[in-house]
Amino acid sequence: MSDFSVSIVTYKNEIEELKKLIYNIALNNSSFKLYIIDNSPTDDLSRIRTLKNVIYIHNPSNPGFGSAHNVAIKKAIKDGSKYHFIVN
């Protein structure tokens, strides 16, 4: 179980930008999960799943911002997160 979870929906984002985000979240918090819902047509960001605390979900059908966050929220609830933050 993590203290909290975070989700971010991506679409053709740069992996270095995501690494900065993960670093900033992890800087003061060691017990979290970050759900990355990638709505891009390709899974170029999939290599980010090797980073600690990152759950990568590729969703090339691109159901939209809200639907993609709902996927993460459902997984966070299942994983036992007490708090969940949506990052835009």
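The values are calculated or read from the model by the stated rules, or taken from the named source; none is laboratory data. No experiment lies behind these values; they were computed from the predicted model shown. All Cβ positions, glycine included, derive from the backbone under ideal geometry; neighbour counts span all protein chains shown. Remember, those area values only see protein heavy atoms, side chains included, never the ligands or the DNA or RNA. Shrake-Rupley method; radii C 1.70, N 1.55, O 1.52, S 1.80 Å.
Write down the accessible area per residue of the chain in Å², having rolled a 1.4 Å probe over the full set of protein chains. Walk me through the intermediate numbers first.
Values: 5420 Å² over 88 residues.
Computed with neighbouring chains in place, this is 62 Å² per residue.
Over the chain, what is the mean sequence separation of C-alpha contacts under 8 Å (at least six apart), divided by residue count, expressed as relative contact order in percent?
Details: 145 pairs, mean separation 37.2, N = 88.
Relative contact order for the chain comes out at 42 percent.
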>> If the only charges are +1 at each Lys and Arg Cβ and -1 at each Asp and Glu Cβ, what is the size of the charge dipole of region 13-58 around the Cα centre, to the nearest 20 debye?
In response: 300 debye
> Can you pull the Rg over Rh of the chain, Cα-only, Kirkwood?
Replying inline: 0.93
> Leaving out same-chain residues fewer than 8 places away, which lysines sit with a Cα under 18 Å from that of Lys33?
Replying inline: Lys19, Lys20, Lys52, Lys74, Lys75, Lys78, Lys82
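Given the -39500 (n - 2.57) contribution per DSSP H run of 4+ residues, what per-residue ellipticity at 222 nm results for the chain, rounded to the nearest 500 deg cm²/dmol?
Details: 2 runs with 27 residues, N = 88.
After summing the helix terms and dividing by the residues of the chain, the value is -10000 deg cm²/dmol.
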> Could you give the length gained on full extension between Ile77 and Leu51, defined as 0.36 nm per residue of separation minus the Cα-Cα distance, in nm?
Replying inline: 7.2 nm
> In nm, to one decimal, how far is the Val87 label point from the Ile15 one, both placed 7 Å along Cα→Cβ?
Replying inline: 1.7 nm
> Which one of Ser31, Leu18, Gly66 has its Cα pushed farthest toward the positive end of the charge dipole of the chain, where Lys and Arg give +1 and Asp and Glu give -1 at the Cβ?
Replying inline: Ser31
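Leaving out ligands, DNA and RNA, what percent of the accessible area of the chain is carbon and sulfur, probe 1.4 Å? Walk me through the intermediate numbers first.
On the way: 2770 of 5420 Å².
Carbon and sulfur: 51 percent of the exposed surface of the chain.
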